[in-house]
Ligand SMILES: *Cc1c(COP(=O)(O)O)cnc(C)c1O
């Protein structure tokens, strides 16, 4: 079997990412005398038992044991295990067919009719939609709060408030929330905190270490990293783990071994991609900020971004997604600008190896968006930065021409 990798020194991110989820019992068969680097694709619906007594016995604790396909196979467990290992303080990770499914499952597990939810106003639009449609129909009330509210969130708490949902930075407008201040208030009231950590991942923001109870990610973004698979995750502390696991089983959520293998492959190179894409994005954001035809640049590492001080205090780096506005622009001008780009694709999602540009119109209810209607969001990929800048430069010229 593979030699054990002992040693007292705490490992860095990259050493962890290389070996994450690689348990000998998932990657090898003792009868074959070796371990494959990656867990094989274990596809299953039916699991066969030796006899009825065996079947009965296995029904007792079915987690991380072959039981029925919906409960997963070693390929899926390896991904969950790897994600848990990235968050110090996590008891486990649940996987979902999309990020939105993960958000919906977390909220459904924690909220009942009559409960109240505090949702950040800069949340991902489908997160808002879930609250405004599904939760409302169930008699669960959502209040939206200013992303910059900090400790003043205490004033919005009601006796029936059960969950505070955060997203830092907001994925369209990039306000960075003061997560430690919000967590401190929530803990004082026994309220659960959830963070949509898709932008930073635990490599740039260790959510559970910062006191968050449930760290959610759209794995479709940076973890997959190659724009070819969808998945979502919830990484959960020990107190909430049994409840969330049970509710996820009740909802029948499951992911395929094939998709889990793609996510695990992406995870191995997460740090190098984030580092490289983050560096490119910051260079481009600075180049944009220096232009006269650009209004605001919303990049957490730039001082003009709301919550920049919290970014500097709490995050270890920036990923490759940010936004800016065209000065004196409107929707038509913005469309002309985006259409003139040749290296940037026009499309949803982000975090892949290819650069993308989309028009963004932030939905708001607590604090109005005052940035005008020419907000453009860029996801910077792995192309040469000089080429991306030349492409943007050409689009500015075409817009004026
Ligand atoms: C894309 C996204 C999601 C949803 O993830 P899917 O995998 O597309 O369902 C959630 N939160 C944020 C911030 C996102 O950008």
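The values are calculated or read from the model by the stated rules, or taken from the named source; none is laboratory data. Just so it is clear, the structure is predicted and the values come from calculations on it, not from any experiment. Positions of Cβ are backbone-derived with ideal geometry, glycine not excepted, and every protein chain shown enters the neighbour counts.
A compact table of results
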{"item": "Subset of the range 81-99 [out of contact with any strand residue (DSSP E or B) (no Cβ under 7 Å at 6 or more places or on another chain) and either surrounded by fewer than 20 Cβ atoms within 10 Å (Cβ to Cβ) or part of a strand (DSSP E or B) (or both)]", "result": "85, 88, 89, 97"}
{"item": "Yes/no for residue 360 being crowded, with 17+ Cβ neighbours inside 10 Å and closer than 25 Å to residue 130 by Cα", "result": "yes"}
{"item": "Subset of the range 156-184 (residues that are farther than 22 Å from residue 135 by Cβ and more than 16 Å from the ligand (Cβ to nearest atom))", "result": "178, 180, 181, 183, 184"}
{"item": "So residue 50, is it over 31 Å from the mean Cα position of the chain (by Cα) and part of a helix (DSSP H, G or I)", "result": "no"}
{"item": "One residue from 32, 41, 17, 66 being out of contact with any strand residue (DSSP E or B) (no Cβ under 8 Å at 6 or more places or on another chain), assigned by TED's automatic domain parsing to the domain that holds residue 242 and exposed (fewer than 13 other Cβ atoms within 10 Å of the Cβ)", "result": "32"}
{"item": "Qualifying residue in the range 106-114 (condition: in the same structural domain as residue 242 (by TED's automatic domain parsing), within 16 Å of the ligand (Cβ to nearest atom), free of Cβ contacts under 8 Å to residues at least 12 places away in the same chain and surrounded by fewer than 20 Cβ atoms within 10 Å (Cβ to Cβ))", "result": "no"}
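Residue-wise test of (1) part of a loop (DSSP other than H, G, I, E, B); (2) under 21 Å from residue 221 (Cβ atoms); (3) over 16 Å from the mean Cα position of the chain (by Cα).
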position: 101; (1), (2), (3): no, yes, no
position: 118; (1), (2), (3): no, no, yes
position: 122; (1), (2), (3): yes, yes, no
position: 126; (1), (2), (3): no, yes, no
position: 158; (1), (2), (3): yes, no, yes
position: 162; (1), (2), (3): no, no, yes
position: 166; (1), (2), (3): no, yes, no
position: 169; (1), (2), (3): yes, yes, no
position: 187; (1), (2), (3): no, no, yes
